[in-house]
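What follows is one structure encoded as structure tokens, with my remarks underneath.
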Amino acid sequence: MPQGVRLVIAIVGFVAAVVVTGWLVAGFVVGIAAFLSPTLLKAKARRNREIDRLNALATWVEMLRDTIGAASGLIETLKATADSAPSVLRAPVRQLAARAEREPLPVALGRFADEVDHAVADTVAVSLGLAATNQVGSLQESLAELAKNTRQEVSMRLRIEASRARQLASARLIAGVVAVLCIFMVSFSRTYLAPFDTASGQLALAVIGGLFIGSGFALERMSRFNSPPRILEVHRGPAVPGPTGELPL
């Protein structure tokens with residue numbers, strides 16, 4: 001969601017909360033929660049995209065492994081897998097195959113690694129770059145091992161995601177119950193909330209709201225997958241090979 005839209009939603013939530021409750025602190029709590037809620041709600045989608053990308057990389061590596069023995073060369077192998085690569089990687093693989101025909105292979109592989117922006121893609125680029133001057137048999141073994149390791153990482157992340165599902169569902173349920181309870185009390189039990197009309201009550205409300213928002217943000221941060229660092233230098237422009245034609249590390 002664009003930042004401008006999120007800001008508008010936060011301002012609307014702030015104004016609505018102040019008008020309904022008469023508490024400025026409640027407006028800030030609701031406004032901040034509304035601004036951060038898209039990040040919290042999309043956390044699972046981001047994790048699923050990362051798993052899908054890892055799965056696609058593993059599938060493409062397996063395709064390279066199975067195709068390179070039948071193809072007449074590395075560039076022909078890239079061309080053979082360009083149209084059948086997983087949809088997540090199809091565009092970068094097609095560009096890699098096209099670039100490999102008109103520029104040095106290390107340059108094309110460097111650009112491919114930057115476009116995919118993942119440590120596994122860097123490893124594939126290094127393996128293919130080294131294979132340009134080595135025998136095919138060793139490359140097949142390297143690609144087989146890389147595919148196996150990537151598949152194992154996908155399986156591990158799926159197991160972690162399954163184990164976290166219950167805790168995340170419980171957290172969402174608790175947040176929903178608290179939100180509904182707050183709306184009910186503001187609407188029908190204002191006398192019970194009278195202590196919050198004082199300065200000390202507003203301070204307590206700020207602490208409670210801050211802890212509630214902070215716990216949600218901390219839960220989202222802890223649920224993130226930390227991708228391994230890239231092993232190739234990240235380029236802002238076209239990749240440039242070193243003096244001997246190797247990929248820059």
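The values are calculated or read from the model by the stated rules, or taken from the named source; none is laboratory data. Given the structure is predicted, the values throughout are model-derived calculations rather than measurements. Because the Cβ atoms are built from the backbone with ideal geometry, glycine has one as well, and the counts that use them run over all protein chains shown. In case anyone asks, the SASA skips ligands and DNA or RNA and just uses the protein heavy atoms, side chains included. Shrake-Rupley method; radii C 1.70, N 1.55, O 1.52, S 1.80 Å.
Assorted remarks:
- Surface share of carbon and sulfur [accessible, 1.4 angstrom probe, percent] for region 85-125: 47
- Farthest towards the positive end of the charge dipole of the chain, among the residues Val120, Thr150, Gly4, is the Cα of Gly4, using unit charges on the Cβ of Lys, Arg, Asp and Glu.
- Over the chain: Rg over Rh, Cα atoms, Kirkwood Rh: 1.18
- Accessible area (Å², per residue) of the chain, counting only protein heavy atoms and a probe of 1.4 Å: 57
- All lysines inside 19 Å of Lys79 as judged from Cα atoms, apart from same-chain residues fewer than 8 positions distant: none
- Top of Ile231, Ile183, Ile75 by mean-square fluctuation, Gaussian network on the chain, Cα under 10 Å: Ile183
- Histogram of C-alpha separations across region 157-232, 5 Å bin width, %: 3, 12, 15, 18, 14, 11, 9, 7, 5, 3, 2, 1, 0
- For Val88, the solvent-accessible surface with a 1.4 Å probe is about 80 Å², rounded to the nearest 10.
- Local electrostatic count at Thr67 - Lys and Arg +1, Asp and Glu -1, tallied over other residues with Cβ under 13 Å: -2
- Net dipole in debye of the chain [+1 Lys, Arg Cβ; -1 Asp, Glu Cβ; about Cα centre; nearest 20]: 840
- Sequence of Ile160, Ile68 when ordered by accessible area, the most exposed leading, probe 1.4 angstrom: Ile160, Ile68
- Packing, taken as the mean count of other beta carbons within 10 Å per residue, orders the peptides 140-153, 102-115 from highest to lowest as 102-115, 140-153.
- Most positive-pole-ward Cα, Ala58, Asn48, Leu74, against dipole of region 36-80 from beta carbon charges: Asn48
- A simple rule links phi to the HN-Hα coupling: the Karplus curve 6.51 cos²θ - 1.76 cosθ + 1.60 with θ = phi - 60°, which for region 25-33 gives 5, 4, x, 5, 4, 5, x, 5, 4 Hz, with x for Gly and Pro.
- In a simple Cβ point-charge model (Lys, Arg +1; Asp, Glu -1; nothing else charged), region 103-205 has a dipole of about 720 debye relative to its Cα centre.
- Distance from region 30-98 to region 137-177 (C-alpha centre basis), Å: 15
- Backbone amide hydrogens, once placed in the peptide plane, bring Ser223 within less than 5 Å of nothing, excluding anything fewer than 5 places away on its chain.
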